[in-house]
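Asker: Below are the structure tokens for one structure; questions will follow.
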Amino acid sequence: MRNISNTQLHLSVSTPDYDRNRLKSKIVHLGFGAFHRAHQALFTDELARKSDSDWGICEINLFGGEALIQSLRQQEHQFTVAEKGAQSTDVKVIGSVTESLHPALNGIGSILEKMAEPQVAIVSMTITEKGYCADPATGTLDAENPLVVADLENPQQPKSALGYIVQALKLRRERNIAPFTVMSCDNIQENGHVARTAILEYARLLDTELAQWIEDHVTFPCTMVDRIVPAATEETLHEIAQLLGVEDPCGIACEPFRQWVIEDNFVAGRPDWNIAGAEFVPDVVPYEEMKLRMLNGSHSFLAYLGYLGGYAHISDTMTDNGYRQAALDMMLKAQAPSLNMPEGTDLEGYAKLLIDRYSNPNLKHKTWQIAMDGSQKIPQRLGGSLRYHLARGTDFSWIAAGIAGWMRYIAGVDEQGNDIEVKDPMATSLRAICDEHGLNVSVVPALLSIEAIFTADIGKNPQVLEAVSAAYQSLIDNGARATVRKLSGDKQ
Ligand code: NAI
Ligand code: CS2
């Protein structure tokens, strides 16, 4: 069958110009989803193009993505990244992936054995927020999570990412093999610390000595990762096939912008990703907060209020001056003041760049996709800045509107009465609360009292209740478009 690895590709396509045989699987990556392909895999490929790096990646999908892994294997683990700017598209074939595994194809044991191989120096992750089995509000292990419960009963046949990592480290310890670094690349505030806490808490429930060994020998660098990579659609794959000259079921499209700030804290060496444009810094937390509050916070705001307002894509919301201004105001008036950035950081420039990135008409990023998993996203995107304003008595109306937008969205019915497919690990319990109240403002205190999402300082705060209730009522009475336009003072 013709594919990317055995076909003459169009001349404009940039292909790996290095000997791929020199790469070794020194990184095991959990989560071969959309984002990883266009980010860490691409940085690692670019590093190999620019140096004699031997860092290669073994890709693993623990949940779903079995067909994707099979396709990847058929094309010698190469795949396409199409970087779509507003004017032009760059097409790159990525060569940094050396091999792949999937529990359904290879069994759990082969994955654990791979993770225990001595050359593996880093286990990295893009497993979505829910993959950490942590309480979203506090970042501590949710010991009642069904995956955690199953893994504690049967730790040698794990299901969760935590279970795989702890079991692999156990094997390495027993075999006198040095441990690897665990590197989270998910959109979670202090992602390395959350991974560390969840892994150590899980390990302690199993074996305190092993937990202590992990605590003493494994590092969990925090990373700030940024690149907008929408889920691939039929249209994306068709377009990639046109640009490439052959179909690539593993192809992915993204924006041209990319950023990666990494805490330089690796126990077994690391690639010089700086050669490919990443930054190694001693403390990533300020950059993570900046990105999570300014970008992801405004993204969630636009996702809920945009979807309700009838906008299918983020770029569609940017054609509405009310949404555009509200997103900018939200970033600069609600989120930026709450940040504590190194001197010289230009937050106004950052916000304007974000508006430009959101406006890219060629990037079809669905509001529905970003709206997914809100229970896991809201705390780190909106909670920190909300606390900042509560402590100072300053205006947090944009944040209140964002939370009200989420509450109205998870009711599961849009402004025209059509069903919304609400995807969230807490969907069942959220739905039960919403059904009990209907489209009534009484749902606001009921949802604010969910402690896994809103800690008591927020959930029980009368000012929060008042502001979110007012925004929710406005959504019911006036709809999302009018609510957003009023918020930004743009009455057009
Ligand atoms: P995706 O839906 O394409 O891939 C999700 C991946 O997570 C899959 O590989 C799946 O196997 C894995 N997964 C899902 N649930 C899991 C669980 N419970 N345990 C272990 N693995 C699990 O999503 P995408 O776009 O790759 O995003 C993944 C994460 O990457 C996001 O949640 C976010 O934290 C981060 N990210 C995404 C960006 C984007 O623009 N797509 C940009 C920056 C960060
Ligand atoms: C988005 C992010 O899906 C979401 O929740 O906000 O994936 C966003 O596209 C990235 O963080 C951009 O780096």
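The values are calculated or read from the model by the stated rules, or taken from the named source; none is laboratory data. Since we're looking at a predicted model, the values are computed, not measured. Don't worry about glycine lacking a Cβ; one is built from the backbone with ideal geometry, like all the others, and counts go over all protein chains shown. Areas reflect the complete protein model, heavy atoms only, side chains present, ligands, DNA and RNA absent. Shrake-Rupley method; radii C 1.70, N 1.55, O 1.52, S 1.80 Å.
Asker: What do you reckon, how do Ser96, Ser397 stack up by accessible area (1.4 Å probe), largest on top? Each step should come with its number before you reach the end.
Answerer: Working: Ser96 0, Ser397 40 Å².
Ranked from most to least accessible, the order is Ser397, Ser96.
Asker: Considering only DSSP states other than H, G, I, E and B, which GluC sites (Glu not before Pro) in the range 118-170 qualify as loop sites with at most 16 other Cβ atoms within 10 Å?
Answerer: Values: sites: Glu129, Glu144, Glu153; in loops: Glu144.
The qualifying sites are Glu144.
Asker: Find how many whole Å separate the alpha carbon centroid of the range 144-208 from the alpha carbon centroid of the range 435-488.
Answerer: The range 435-488 and the range 144-208 have Cα centres separated by 36 Å.
Asker: Now for a different question. Give me the net charge for the shell around Ser14: Cβ to Cβ below 11 angstrom, other residues only, Lys and Arg +1, Asp and Glu -1. Mind dumping the intermediate values first?
Answerer: Numbers: positive: Arg49, Lys92; negative: Asp17, Asp45, Glu46, Glu83, Asp90.
Net charge around Ser14: -3.
Asker: For the chain, build the charge dipole from Cβ charges (+1 Lys, Arg; -1 Asp, Glu) around the Cα centre, then report which of Ile69, Leu328, Cys185 sits farthest towards its positive end.
Answerer: Leu328
Asker: May I ask which residue of Gly245, Tyr164, Phe280 lies farthest towards the positive end of the charge dipole of the chain, with charges of +1 (Lys, Arg) and -1 (Asp, Glu) on Cβ and the Cα centre as origin?
Answerer: Gly245
Asker: Once the other residues with Cβ under 14 Å from the Cβ of Ile69 are scored (Lys, Arg +1; Asp, Glu -1), what is the net sum?
Answerer: Here the count lands on -1.
Asker: Tell me the angle of helix 427-437 to the major Cα principal axis of the chain, expressed in degrees between 0 and 90 and rounded to the nearest ten.
Answerer: Compared with the principal axis, the helix lies near 10 degrees.
Asker: Could you state the angle between the C-alpha long axis of helix 191-206 and the longest principal axis of the C-alpha atoms of the chain, as a value from 0 to 90 degrees rounded to the nearest 10?
Answerer: Helix 191-206 sits roughly 70 degrees off the main axis of the chain.
Asker: Mean residue ellipticity at 222 nm from the helices of the chain, using -39,500 (n - 2.57) per DSSP H segment of n ≥ 4 over the full residue count, to the nearest 500 deg cm²/dmol?
Answerer: On the way: 24 runs with 218 residues, N = 492.
Result for the chain, helices only: -12500 deg cm²/dmol.
Asker: Kindly express, to the nearest 10 degrees and within the range 0 to 90, the angle between helix 40-50's C-alpha long axis and the longest C-alpha principal axis of the chain.
Answerer: Roughly 50 degrees, rounded to the nearest 10.
Asker: Taking the Cα centre of the chain as origin and charging only Cβ (+1 Lys, Arg; -1 Asp, Glu), how large is the dipole, in debye to the nearest 20? Intermediate results must be reported in sequence, preceding the final value.
Answerer: Details: 43 positive and 63 negative charges, 88 e Å.
In debye, rounded to 20, the chain gives about 420.
Asker: Leaving ligands, DNA and RNA out of it, report the carbon-plus-sulfur percent of the accessible area of the chain at a 1.4 Å probe. Please list the in-between numbers first.
Answerer: On the way: 9150 of 19140 Å².
Using a 1.4 Å probe with all protein chains present, the chain comes out at 48 percent carbon and sulfur.
Asker: Express in Å², to the nearest 10, the accessible area of His10 obtained by rolling a 1.4 Å probe over the protein heavy atoms while all chains stay in place.
Answerer: Result for His10: roughly 80 Å² accessible.
Asker: Next up: Per residue, what accessible area does the range 106-157 have, given a 1.4 Å probe and all protein chains present, in Å²?
Answerer: Working: 2140 Å² over 52 residues.
Per residue, the range 106-157 has 41 Å² of solvent-accessible surface.
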